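Worksheet for the structure shown next.
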Amino acid sequence: MKLELRRIHIKDIQLGNETTVKNGVLTVNKEELISKLKEDERIKDVKLDVARPGEKVRIIPVKDVIEPRVKIEGEGNGFPGVSTKMAQLGDGKVNVLYGAAIVTVGDIVGFQEGVVDMWGEGAKWTPFSQTFNLVVDIIPVEGLAPHVHETTVRLAGLKAAEFVGEAGRSVEPDEVLVYEMGSHAEESKKYPDLPKVAYVEMLISQGLLHDGYIYGVNSQLILPTLLHPNEELDGAVISGNCVAACDKITTYQHQNNSAILDLYAEHGKTINFLGVILTPELTTLEGKFRTCDYTAKLCKSLGADGVIISEEGYGNPDSDLLMICKRLEDSGIKTVLITDECSGWDGMSQPLADTAKEAIAVVSTGNVSHVVTLPPADRVIGNDKAIATLAGGWEGCLEEDGSLKCELNAVIGATSEIGYHNCTVKLY
Amino acid sequence: MKNNMSYQIVTNNPNVKKDYKEVIFVEGSFEDVLFKVRDLVHTGFELINHPLGASLRMFFSPYRSIIVRENIDKTNNIYAETIENSIVNYQKHMSVRNVDVVNGEDYALIDAELLKSALDEYERVYN
């Protein structure tokens, strides 16, 4: 497969009367986008707003972040199986509005977190303080069942990304990135001496606000499955969860999965990258045993010498992470785990909810429980009542000047377990 | 396979108590639900779904529903270890955080939704 990601660098977003990109400025036709989204009868109203890096703006509660793109050559514009008809992804040319993001706000339940601060302390912790954000706040009609509400907001975000992405169709890109990889037989012939490395990406797959989708299929319903890395970079994987703010993998992060990009960069140099195995994190123990066995079997069948495993979430998924690790290490396959830690305010507690002696190579993407102080914003986009949820965590977390203390857990993408974020690892 | 689908839900969620027959209702907290599950596991019950949620936010829920079923086999170490570890982990986090009672109704709703998904998964996996 060969995929060209053609980046058009976006330097600002404006709301206006047309949807275009001129000299790096993305203008979005506000009324047209709103009426497009309101074609869905479940949507009562849509509020659009723009948040730029450096502005004293807080967005809350963020549901998902999506990169606006348009496919100009090859099958599958949009998100096949979800917002557009089924197509095979992974080949072709995609114009990317790089530096822009669609941020959906939807308070499906009152305890959702998901803060993006565009300035100051909060901005340090989320990668989406650096993007020009078109914030799409979806107000549903009354009486929608919660799962219908969730679906409505999810689809609206994807449709908005498609609508905005169209603006880049005829624009010349500022840079072109090419991702090309043949079959396992072809690549192994080219690089016979390089170690074969597979990437296992785990997805929360447990129900409302805890789901992920692959070509529109709810990952609760699958056995672990193999993807060409280009498929994910081309939009095959969609986020349907929004409770685990800091370690939720947004759709944007799937589109730009750092683990995939880093493995691609080493492909043909130090490793032979075998592809992505998407593994559901189920809730039943028998389900976990089945998916973990199956994941290990796929890695073995591919002839992997090493496997990188990234987690999503915290708590029961830790068991899956370590079970996969144990099974692979027992089969003689070296593993590296990528996960965040819940190691308490002082960082001294046991970081995961489970342990395994086989987990000897682990990359930490940050401490979820680390406490940060967020100063008051000049402007809040979304639902300012959601701030009360953040402030209600413990005694003394709301200070007199209106600053609030919260754990990184509340900040979107703060401890991304695929490494698409701002934290780094320091060796002592 | 006649008895394969028999299960009981240990819960402190009033919505679940109302909607399901197979309920062991716990008058108490999330932690009390974990204790009840632990006691059952040590007397030979099988743990069907993991006692913990999939994100830290769900630890702050006032409500939790966990599926168990009576097992003819003797106590299985995996189940005992899982529930005991879950209790230690839960207590670690809740030593510094409050239960989010303000959003109690929403947590009750999501707990019931996640239970429904877990039961669907149980039907798919255990048959």
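Output the relative contact order of segment A:2-410, whole-number percent, from Cα pairs under 8 angstrom with separation of 6+ residues.
Working: 952 pairs, mean separation 73.1, N = 409.
Relative contact order of segment A:2-410: 18 percent.
Post the alpha-carbon centroid distance, segment A:147-187 to segment A:350-386, in whole angstrom.
The distance from the Cα centre of segment A:147-187 to that of segment A:350-386 comes to 27 Å.
Could you let me know the centre-to-centre spacing of segment A:236-309 and segment A:405-422, using Cα atoms, in angstrom?
Value for the Cα centre distance between the two parts: 19 Å.
Share of antiparallel DSSP beta bridges in the protein assembly as shown, in percent to the nearest 5?
Roughly 50 percent of the beta bridges in the protein assembly as shown run antiparallel, per DSSP.
For segment B:22-97 and segment A:215-235, write down the distance between their C-alpha centroids in whole Å.
32
Between A:W345 and A:L144, what length comes free when the chain is fully extended (0.36 nm per residue of separation minus the Cα-Cα distance, one decimal in nm)?
68.5 nm
Shielding of B:117-123 by partners, i.e. mean partner chain Cβ atoms within 10 Å per residue?
Details: counts 12, 6, 2, 5, 11, 4, 0.
Mean number of neighbouring Cβ atoms from other chains: 6.
Please build a GNM for chain A, connecting alpha carbons under 10 Å apart, and tell me which residue among A:V141, A:V368, A:V176 fluctuates the most.
Of A:V141, A:V368, A:V176, the Gaussian network model singles out A:V141 as fluctuating most.
Could you give the length gained on full extension between A:K190 and A:K2, defined as 0.36 nm per residue of separation minus the Cα-Cα distance, in nm?
Extra length available between A:K190 and A:K2 comes to 66.0 nm.
Kindly provide the helix-only [θ] at 222 nm of chain A, computed as the sum of -39,500 (n - 2.57) over DSSP H runs of four or more divided by all residues, to the nearest 500 deg cm²/dmol?
The helix-only estimate for chain A comes to -6500 deg cm²/dmol at 222 nm.
So how much slack lies between B:E27 and B:V102, counting 0.36 nm per residue of separation and subtracting their Cα-Cα distance, in nm? If you can, show how the numbers build up before the last one.
Numbers: separation 75, 0.36 × 75 = 27.00 nm, distance 1.89 nm.
Contour length minus Cα-Cα distance gives 25.1 nm.
Farthest toward the dipole's positive end in the protein assembly as shown, which of A:G76, B:A112, A:V217, given Cβ charges of +1 (Lys, Arg) and -1 (Asp, Glu) about the Cα centre?
A:G76
What are the equivalent ellipsoid semi-axes of the protein assembly as shown, built from the alpha-carbon gyration tensor (square roots of five times its eigenvalues), in whole angstrom, biggest first?
35, 30, 22
Which of these, B:Y20, B:Y63, B:Y90, has the largest mean-square fluctuation under a Gaussian network model of chain B (Cα springs below 10 Å)?
B:Y20
Looking at chain B as a GNM with Cα springs under 10 Å, which of B:L56, B:L40, B:L114 has the largest mean-square fluctuation?
Ranking B:L56, B:L40, B:L114 by mean-square fluctuation puts B:L56 first.
So how strong a dipole does the protein assembly as shown carry about its Cα centre when Lys and Arg Cβ are +1 and Asp and Glu Cβ are -1, to the nearest 20 debye? Please list the in-between numbers first.
Details: 54 positive and 82 negative charges, 129 e Å.
So the dipole magnitude of the protein assembly as shown works out to roughly 620 debye.
For segment A:28-131, state what percent of all Cα-Cα pairs lands in each successive 10 Å bin, counting from 0 Å until the bin that includes the largest distance.
It works out to 13, 35, 36, 16, 1, in whole percents.
With the crude spin-label approximation of a point 7 Å out along Cα→Cβ, what separation in nm comes out for B:S95 versus A:I34?
In this crude label model, B:S95 to A:I34 measures out at 5.2 nm.
If I take every Cα pair under 8 Å that is 6 or more residues apart in segment B:8-126, average their sequence separation and divide by the length, what percent do I get for the relative contact order?
30
Give the whole-number value, in cubic angstrom per residue, of the convex hull volume spanned by the C-alpha atoms of chain B.
Hull volume over Cα atoms, normalised by residue count, gives 100 Å³.
Could I have the simple spin-label model distance between A:K22 and A:K56, label points 7 Å from Cα toward Cβ, reported in nm to one decimal?
Here the answer is 3.3 nm between the modelled labels.
So for segment B:23-70, averaging the separation of alpha carbon pairs under 8 Å that are six or more residues apart and normalising by length, what relative contact order in percent results?
45
Only the coordinates and a few stated rules stand behind these numbers; no lab work does. Predicted model only: the values in this text are computed from it and were never measured. Don't worry about glycine lacking a Cβ; one is built from the backbone with ideal geometry, like all the others, and counts go over all protein chains shown.
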